[in-house]
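Student: Below you'll find the structure I mean.
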Amino acid sequence: MILTLSCPDRHGIVAAVSAFLFERDCNISDAQQFGDPASQTFFMRVVFEPAPGDEEAAIRDAIAPLAARFEMDWTLRGAEPRRVMILTSKFDHCLADLLYRWRIGELPMTVTAVVSNHPREMIGHVDLGDLPFHHLPIGAADKPVQEAMLARLIADTDTELVVLARYMQILSDDLARTLVGRCINIHHSFLPGFKGAKPYHQAHARGVKVIGATAHYVTADLDEGPIIDQDVERISHRDTPEDLVRKGRDIERRVLARAVRYHLEDRVLMHGLDSGGGKTVVFAD
């Protein structure tokens with residue numbers, strides 16, 4: 001099981017959590033913690049094996065007084081895979097990579113559906129197998145209708161995480177707020193900078209020496225959600241815009257895959273959303 005928590009920073013939190021698990025005969029296999037001096041907030045992630053016969057519901061009930069004592073915002077989750085929906089458009093490299101990593105067991109998830117605003121033949125060379133595919137076309141006039149269908153599909157499939165794998169549509173403020181904390185986007189740029197159309201061409205025109213990609217949670221503020229992961233690659237004056245696009249695809253794939261895995265493994269804790277912006281604490285492996 002995985003316990004994650006955040007709370008006001010004070011003495012005794014680690015000792016109290018460890019003592020609680022020890023008293024229930026749990027075996028801690030991994031523990032990470034961080035105290036943020038700027039916000040005076042403490043963050044912790046603990047992976048543990050419960051005692052034989054100890055049920056998740058019983059542990060959840062037992063931990064409630066401890067959580068109340070330290071004013072914790074906490075989650076407790078077993079080993080069941082998260083239910084994930086993947087949205088994509090014409091660029092399918094991130095979709096193909098996520099499905100490959102899922103099939104080899106690298107991403108512990110159940111894919112509820114693949115959704116695109118383009119017909120299936122646009123991603124025809126990606127092996128979807130028996131995965132449900134939904135074509136939800138979108139136009140300026142019917143965006144509310146399309147998003148209502150998408151929201152209903154997310155609810156009907158009990159989807160816990162939505163991944164925008166180069167889904168080249170901007171979610172409405174209402175849908176973004178509905179999905180806050182459970183929708184990850186891959187931005188084809190090292191945020192902040194070079195937003196909008198053809199970012200690699202913009203970067204080329206400016207003679208940049210690194211390109212990158214950013215995976216972040218989606219919020220109502222476009223491309224301003226809490227960042228989960230980023231990566232860069234050095235380039236030179238010899239690289240053409242096409243070279244940048246090719247290298248960018250590789251960065252996007254690995255950054256999105258890391259961000260999705262971190263989320264699935266409860267390695268990402270968010271804070272500061274109420275005060276605008278928002279940040280993450282990522283307990284990477």
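Student: Which residue pairs have Cβ atoms closer than 8 Å, lie 6 or more positions apart in sequence or on different chains, and pair a first residue in the stretch 52-76 that is over 23 Å from Leu264 (Cβ atoms) with a second residue that is assigned to a helix (DSSP H, G or I) and not aliphatic (A, V, I, L, M)?
Tutor: Going by the 8 Å Cβ cut-off, the qualifying pairs are Ala62/Phe20; Leu66/Phe20.
Student: Here is a further query. Any residue in the stretch 123-137 that is buried (at least 17 other Cβ atoms within 10 Å of the Cβ) and either in contact with a Cys (Cβ under 7 Å, 6 or more places away or on another chain) or outside any loop (DSSP other than H, G, I, E, B) (or both)?
Tutor: Yes, because at least one residue in the stretch 123-137 is buried (at least 17 other Cβ atoms within 10 Å of the Cβ) and either in contact with a Cys (Cβ under 7 Å, 6 or more places away or on another chain) or outside any loop (DSSP other than H, G, I, E, B) (or both).
Student: Would you mind listing the strands (runs of 3 or more DSSP E) fully within the stretch 1-85 where at least 2 residues are among the aromatic types (Phe, Trp, Tyr)?
Tutor: 41-49
Student: Another question, then. Against the condition surrounded by fewer than 16 Cβ atoms within 10 Å (Cβ to Cβ), among the acidic types (Asp, Glu) and within 19 Å of Lys279 (Cβ to Cβ), how does Asp54 come out, does it pass?
Tutor: It is false that Asp54 is surrounded by fewer than 16 Cβ atoms within 10 Å (Cβ to Cβ), among the acidic types (Asp, Glu) and within 19 Å of Lys279 (Cβ to Cβ).
Student: For the stretch 266-285, what are the residues that are surrounded by 20 or more Cβ atoms within 10 Å (Cβ to Cβ) and modelled with pLDDT under 85?
Tutor: Result: Gly278, single match.
Student: Those residues that are of a type in the set (Ser, Thr, Tyr) and within 21 Å of the chain's Cα centre (by Cα), I need them from the stretch 2-49; list them, please.
Tutor: Matches in the stretch 2-49: Thr4, Ser6.
Student: Hey, does the stretch 113-121 have a residue that's surrounded by 15 or more Cβ atoms within 10 Å (Cβ to Cβ) and among the polar types (S, T, N, Q)?
Tutor: Scanning the stretch 113-121 turns up at least one residue that is surrounded by 15 or more Cβ atoms within 10 Å (Cβ to Cβ) and among the polar types (S, T, N, Q).
Student: Now a separate question. Restricting to the stretch 1-42, and then to whatever is free of Cβ contacts under 8 Å to residues at least 12 places away in the same chain and of a type in the set (A, V, I, L, M), can you tell me which residue is surrounded by the most Cβ atoms within 10 Å (Cβ to Cβ)?
Tutor: Checked the stretch 1-42; the qualifying residue surrounded by the most Cβ atoms within 10 Å (Cβ to Cβ) is Ala19.
Student: In addition: May I ask you to verify whether Arg103 is loosely packed, with under 14 Cβ neighbours inside 10 Å, at pLDDT 95 or above and touching a Gly at 6+ places or on another chain (Cβ under 9 Å)?
Tutor: Spelling it out, Arg103 is indeed loosely packed, with under 14 Cβ neighbours inside 10 Å, at pLDDT 95 or above and touching a Gly at 6+ places or on another chain (Cβ under 9 Å).
Student: State whether the residues of the stretch 14-33 include one that is touching a Gly at 6+ places or on another chain (Cβ under 9 Å) and closer than 16 Å to His271 by Cβ.
Tutor: No - not one qualifying residue is present in the stretch 14-33.
Student: Cβ contacts < 9 Å: first residue surrounded by 13 or more Cβ atoms within 10 Å (Cβ to Cβ), restricted to the stretch 140-151; second residue in a helix (DSSP H, G or I) and not hydrophobic (A, V, I, L, M, F, W, C), any location; separation 6+ or different chain. Result?
Tutor: These pairs meet every condition: Glu147/Asp174; Ala151/Asp174; Ala151/Thr178.
The values are calculated or read from the model by the stated rules, or taken from the named source; none is laboratory data. The structure presented is a predicted model; accordingly, all values stated were derived computationally and were not measured. All Cβ positions, glycine included, derive from the backbone under ideal geometry; neighbour counts span all protein chains shown.
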